[in-house]
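The block underneath contains the structure these notes are about, expressed in structure tokens.
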Amino acid sequence: MQVNGERLWADLMSLGQIGAGQAGGHDRQALCDADGDARRLFMHWCRQAGLSLTVDAMGNIFARREGTDPSLPPVLAGSHLDTQATGGRFDGPLGVLGALEAVRTLNDAGIATRRAIEVVNWTNEEGCRFFPGLMGSAVFTGALALEQAHAATDRAGRRFGEELRRIGFLGEAPMGGRPVDTYLELHIEQGPLLERVGVTIGAVTQSCWSAMLDVAVTGQNSHIQSTPMPQRRNALYGAALLIAAVERCGYAHAPDGTASTVVIDAWPNNRIVLPHLVTLSFGLVCETEATRTAMLAEIDAAMARIGAETGLGFETRLRRLRDPFHFDAALVAATEQAAQALGHSVMRMRTRPGHDAFNMSTVCPTELIFVPCRDGLSHNEAEWCEPVHCAAGASVLAAVMLERANR
Ligand SMILES: [Zn+2]
């Protein structure tokens, strides 16, 4: 089972023309015009491959290749076409177009399968414009209510549901609630491990422990030019100390634990008034639960210390606490066997980033298949995956897909 690597690469590069960013990558955030264009190009390719298309009320797109027994639950494979504001050409599209290429390869070989195969594009995996991420798969699997997803707003106040309708992808297919036999997702690793050890395929066993918190730092407005230093209660100063403490906590626990602050807003955010309110968000990911507990306690202690020193208030809100999702042992083994049969080096590994495979693992046997990316760089326009690695990953995906679809 070898896919047509040149065809896959040509598609990745064609899709790469849509929503082009400033530096060779993408700004194709969920439900922007470019997301709509990318979806329409993907659907065009699916029709060319003879697949039948459905879109649900989250805008998730399913492209189905019928099986010889249509009554059996299908094998799903895919990922997402949306990107970060500074996104690359592979994070997401490789999993969608790799699955499409696997299906085309079955078509070319004239292979029928018992179960149907569906290539899926999940809506808003990235979660940068509308929180939370993994949104399309979360609603599909029942982890998030449809109404709640539709009510999410971006920073400009636009609603998810209205934007979905605006780009023409508020579909009518039933929302989830149907059995799925298997879910497979091909993705770039987004970290440096595979490249460092020179291995082509990662068979992902599980995810890690993570946390995401919002913090509100409160002080007092006063005149920046006249307020004596001992009287100042500058919320931005407290935020700066906390940002440094979070980052230091990450360094102290690396490589097991990582932590950084990523979002900050200040009020009133002008040059003449000391800010009374600063909100920030930080996230951490850990290999063990004990590390997560320790890091959260250290950051809590840092906040108490900074509060005592500065007279500022700190209020935290836990946005997400995520324990590991475990992937299917038989599928991990099948991925290893497929890679070996195709002559590719393979290793078992964990994922630190989140993927739609997390949600799918709660409803069916699921596997995430990794390939290396240059310097482990992702969520960056320079993100790069070698053509041979794209083809190798898609070939492994195709082999596992075929095996599962014939069960
Ligand atoms: Zn992704």
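Residue count for the stretch 81-129 under the criterion of being within 14 Å of R64 (Cα to Cα) and outside any helix (DSSP H, G or I): the result is 10. Taken over the stretch 317-348, residues that are away from the ligand (no atom under 16 Å from the Cβ) and not in a loop (DSSP other than H, G, I, E, B) amount to 22. For the stretch 34-57, filtering for residues that are touching a residue at least 40 places away in the same chain (Cβ under 8 Å) and not in a helix (DSSP H, G or I) leaves 7. The set of residues in the stretch 224-280 being without any contact (Cβ under 8 Å) to a residue 40 or more places away in the chain, among the polar types (S, T, N, Q) and surrounded by fewer than 16 Cβ atoms within 10 Å (Cβ to Cβ) consists of S226, Q231, S260, N269, N270. Count of the stretch 302-336 residues, restricted to those that are surrounded by 13 or more Cβ atoms within 10 Å (Cβ to Cβ) and aliphatic (A, V, I, L, M), is 8. Can you name the residue in the stretch 148-159 that is part of a loop (DSSP other than H, G, I, E, B) and either within 24 Å of M43 (Cβ to Cβ) or modelled with pLDDT of 95 or more (or both) and is also farthest from the ligand (Cβ to nearest atom) among such residues? Per the stated criteria, the residue is G157. Residue count for the stretch 172-193 satisfying the condition of being within 16 Å of the ligand (Cβ to nearest atom) and of a type in the set (A, V, I, L, M): 3.
Being of a type in the set (G, A, S), in contact with a Gly (Cβ under 7 Å, 6 or more places away or on another chain), assigned by TED's automatic domain parsing to the domain that holds I369 and surrounded by 19 or more Cβ atoms within 10 Å (Cβ to Cβ) narrows it down to one residue among G202, G191; which is it?
G191
None of A294, A290, A302 is in contact (Cβ under 8 Å) with a residue 40 or more places away in the chain and farther than 18 Å from A239 by Cβ except A294. Within the stretch 86-116, how many residues turn out to be away from the ligand (no atom under 16 Å from the Cβ) and under 15 Å from I188 (Cβ atoms)? Number satisfying all stated conditions: 0. Answer yes or no: is there a residue in the stretch 36-56 that is within 22 Å of E185 (Cβ to Cβ), surrounded by fewer than 16 Cβ atoms within 10 Å (Cβ to Cβ) and of a type outside the set (A, V, I, L, M). Yes, the stretch 36-56 contains a residue that is within 22 Å of E185 (Cβ to Cβ), surrounded by fewer than 16 Cβ atoms within 10 Å (Cβ to Cβ) and of a type outside the set (A, V, I, L, M). Checking the structure you have, find out if any residue of the stretch 210-227 is within 16 Å of the ligand (Cβ to nearest atom) and modelled with pLDDT of 95 or more. Looking through the stretch 210-227, at least one residue is within 16 Å of the ligand (Cβ to nearest atom) and modelled with pLDDT of 95 or more. Out of the residues in the stretch 151-170 meeting the condition of being crowded, with 17+ Cβ neighbours inside 10 Å and free of Cβ contacts under 8 Å to residues at least 40 places away in the same chain, tell me which one is farthest from the chain's Cα centre (by Cα). Here the answer is G161.
Which one is farthest from the ligand (Cβ to nearest atom), of the residues in the stretch 349-364 that are surrounded by 19 or more Cβ atoms within 10 Å (Cβ to Cβ) and over 21 Å from T258 (Cβ atoms)? Going through the qualifying residues, I end up with S361.
The values are calculated or read from the model by the stated rules, or taken from the named source; none is laboratory data. Since this is a predicted model, take the numbers as computed values, not measurements. So basically every Cβ, Gly included, is an ideal-geometry build from the backbone, and we count neighbours across all protein chains shown.
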